[in-house]
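Remarks on the structure that follows.
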Amino acid sequence: MVDFNKDGLPDFLVTNGDNGEYPSPTKRYHGIRLYLNRGNLRFEEAFFYPLNGAFCAKARDFDEDGDLDIAAISFFPDYQNSPQESFVYLENKGQMTFTAHTFAQCLVGRWLVMDAGDLDGDGDIDIVLGSYINGPSEVPAALKRDWDRFSLRSSSCATSCGGRSEPAHERALAGGRSAERHRLACPPRRGARS
């Protein structure tokens, strides 16, 4: 619940997309919905964003412009046709219009949990994603291979260095796309070389 339109009444931001841990086809009704509170226990759907397998959405002023934006994850995106659906940032442009954004690294995981807050104490809102790559639905073979490789590197870093030792980071960061993925999973300490 969040007061999306700043009228003093709590509104509902909900996701519809859980496939019950079973593989299934995409569904037209999966997505993010915003229901505005009209008072007297009446709610009206004011916004719908279709998102296959939508699993979690958070409303915060991510871009610090005074209105609420939406960050959302999908545990069951359409990996064959639109894998970038696994994470979507909806920038609020006013009047219940949003511009959708994502980022290339959203494909490094199968997002199951998400939270938002000022994690590093710099005054802005950060987003944390948690992944479970062994989900029930099929993913493209190349993506699965990348996940398996990344999972092994990330696990070895977490067990050998707790994600924080510079020598372990230098070893893990020694190559290509995996380097960027490792930086996302195990950021160096403040003031450390990355």
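Any read-out appearing in this document is the output of simple, stated calculations on the displayed coordinates, not a laboratory observation. The model shown is predicted, which means the values in this text are computed figures rather than measured ones. Glycine gets a Cβ as well: all are built from the backbone with ideal geometry, and neighbour counts include every protein chain shown.
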Requested in this report: Starting with the highest mean, order 10-20, 48-58, 29-39 by the number of other Cβ atoms within 10 Å, averaged over the residues of each peptide.
Outcome: 48-58, 29-39, 10-20
Query raised in the report: Using modelled amide H (1.01 Å from N, peptide plane; none on Pro or chain starts), what sits under 5 Å from the amide H of residue 38, excluding residues fewer than 5 places away?
Result: 43, 44
Requested in this report: Kindly write out, for segment 83-100 in residue order, the coupling ³J(HN,Hα) from the Karplus curve 6.51 cos²θ - 1.76 cosθ + 1.60 (θ = phi - 60°), rounded to whole Hz, with x marking Gly and Pro.
Outcome: x, 5, 5, 4, 9, 9, 10, 9, 7, 6, 9, x, 6, 6, 10, 9, 10, 7
Report task. Give the long-range amide H neighbours of residue 98: residues separated by 5 or more places, or on another chain, with amide H under 5 Å away, using H modelled in the peptide plane at 1.01 Å from N. Result -> 93
**Report entry** Other-chain or far-sequence residues with amide H under 5 Å of residue 51's (modelled H)
**Finding:** 31, 32
Requested in this report: Mind jotting down the distance between the C-alpha centroids of segment 123-148 and segment 37-107, whole Å?
Outcome: 18
